[in-house]
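Each remark here refers to the structure printed beneath this line.
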Amino acid sequence: MKKLKAMIFVNSITFVRVLGTFLMPFVSTHLNAKEFVSYIVLLLLTDSVDGIMARRFKVSTVFGALLDAAADKLFGIATLCVLARFYPVMWLPVVIEILITIINTGGAAKGSTVESSMLGKFKTWILGICTVIGFLILYASEFVLLFNDATKYGSFMIDLFHNMKEHELFIINSLAFISGGCDIMVAADYRNRVKVDVKEAKANGINAKEVKLKKGKDLVYALFDHEYYIKTLNKPLIGTNHIEGHIAANYITHKNLTPPFLCLIVSGGHTHLVHIKNYNEFEILGKTRDDAIGEAFDKVARVIGLGYPGGPKVDKLAKEGVANIELPKPHMEGLDFSFSGIKTAIINLHHKNPDINKANLCASFEKDVTEILLENTIEAAKKLNINKIALAGGVSANSYIRQELLKLQAKGYEIYYPEMILCTDNAAMIASAGYYNFMAGKVSDMYLNAIPNLKI
């Protein structure tokens, strides 16, 4: 009941903005400049308040989103209509704005999901600026009176308004054609993108007309309840952890891989040693205490002049060298990793001796960090009595790490790693992880948000 009351309250605020927007052309004739500006500010405040309240009480709905978008569009058109009553040339952007609305609505009815582009956002800013300047000219005489008593900038502002009024027609005509021109470009751009989007949707077997609500009341529920909407469409939302995705990439390449197993996740942002107990049950056994392995590769590559991304370039150059440079190898308690010290040692060596053999430097670095990775992995495998070891993450594409990991097969270990195309971030790995979450009944609600520091 509380959620229903909150939803009604939030949508009522938006309704107030819609009603106030419809009345704007009429009330503008009965208000002075100060009163009309206050009226507009009040309407703009409702735009901020309803969004804040919806997020605060978690009552965001399809209906609310549609109503808010409609209110914003109506507000822009209404302000232009007020100007058009006094300056007929402003009907030009009004007509084109209505045309854009028709294109938007028609595209949505055909299943288009095209969102506003940067051009559209630019157009909105231009339209807003033109509208403000238009109102300043319209109420110039009243604004002059407001600045009569000003001591510091009064004379400057009075002269400015006098000049604006003197060149009134030229400025208004310019504003109308500038805003109208922007509108035409946005209308043409959106029309083309809608056509492409609808064509792609049909090519993928998606047809908006196939989505049918069974009963009349279903429409009400769909508009006001996100979860009901999803259930009606039979399209569940599955939240997926990015690291889970890297692990799940192995399931695509290796159909025979099943938990439990160990997974060494090596990427630009992570170095994790994880016990995969089940498809949706994980235990982190060890992780880096400073730099991730991929980060260390990139920093070393940058210092010795290989550029970015560093991992593939270090790997390639290392093949031409010999691992004959002694580097410090940290030994952490437990199964954690540390790559900051060895990375710093490489950087210092290069700074002290810029002519040092870069190939040997890369080979030595690659050999030592791989030994660190495998030592902890083997130790964990022995403790847990697990003979299946998987590799995952962007750095799993490294040829030397793969080569050394495969040598463990001679010791009775089963080794798995994704094919190259699945090592870096990709949609397939997320789909794989999402599949296992779905099979486990892990369906998210529509209030799911991105969590940058989410742990597995």
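Anything in the stretch 363-414 that is loosely packed, with under 15 Cβ neighbours inside 10 Å, among the small types (G, A, S) and at positive phi? List them, or say none. Scanning the stretch 363-414 gives a single hit, G412.
Hey, any hits in the stretch 341-360 for a residue that's closer than 26 Å to P260 by Cα and outside any helix (DSSP H, G or I)? Checking the stretch 341-360: not a single residue is closer than 26 Å to P260 by Cα and outside any helix (DSSP H, G or I). Being of a type in the set (D, E) and without any contact (Cβ under 8 Å) to a residue 24 or more places away in the chain is the requirement here; does E283 meet it? It is true that E283 is of a type in the set (D, E) and without any contact (Cβ under 8 Å) to a residue 24 or more places away in the chain. Screening N387 against (1) touching a Ser or Thr at 6+ places or on another chain (Cβ under 9 Å); (2) modelled with pLDDT of 90 or more leaves a single unmet condition, (1).
Is it the case that the stretch 27-37 has a residue that's closer than 17 Å to A69 by Cα, assigned by TED's automatic domain parsing to the domain that holds K73 and modelled with pLDDT of 80 or more? The answer is no; no qualifying residue exists. Of everything listed in (1) within 29 Å of N280 (Cα to Cα); (2) in a helix (DSSP H, G or I), the single unmet condition for D425 is (2).
When the stretch 300-332 is filtered for residues that are surrounded by fewer than 19 Cβ atoms within 10 Å (Cβ to Cβ) and under 30 Å from T240 (Cα atoms), the ones remaining, listed by number, are Y308, P309, P312. Of all residues in the stretch 314-342, those satisfying the criterion of being under 39 Å from the mean Cα position of the chain (by Cα), closer than 13 Å to I372 by Cα and not small (G, A, S) are K329, P330, H331, M332, E333, L335, D336, F337, F339, I342. Restricting T288, T253 to residues that are in the same structural domain as T424 (by TED's automatic domain parsing) and either aliphatic (A, V, I, L, M) or in contact with a Ser or Thr (Cβ under 6 Å, 6 or more places away or on another chain) (or both) narrows the list to T288.
Among the conditions (1) modelled with pLDDT of 75 or more; (2) in contact with a helix residue (DSSP H, G or I) (Cβ under 8 Å, 6 or more places away or on another chain), K165 misses just one, which is (1).
The values are calculated or read from the model by the stated rules, or taken from the named source; none is laboratory data. The structure presented is a predicted model; accordingly, all values stated were derived computationally and were not measured. Cβ: placed from backbone, ideal geometry, glycine included. Neighbour counts: every protein chain shown.
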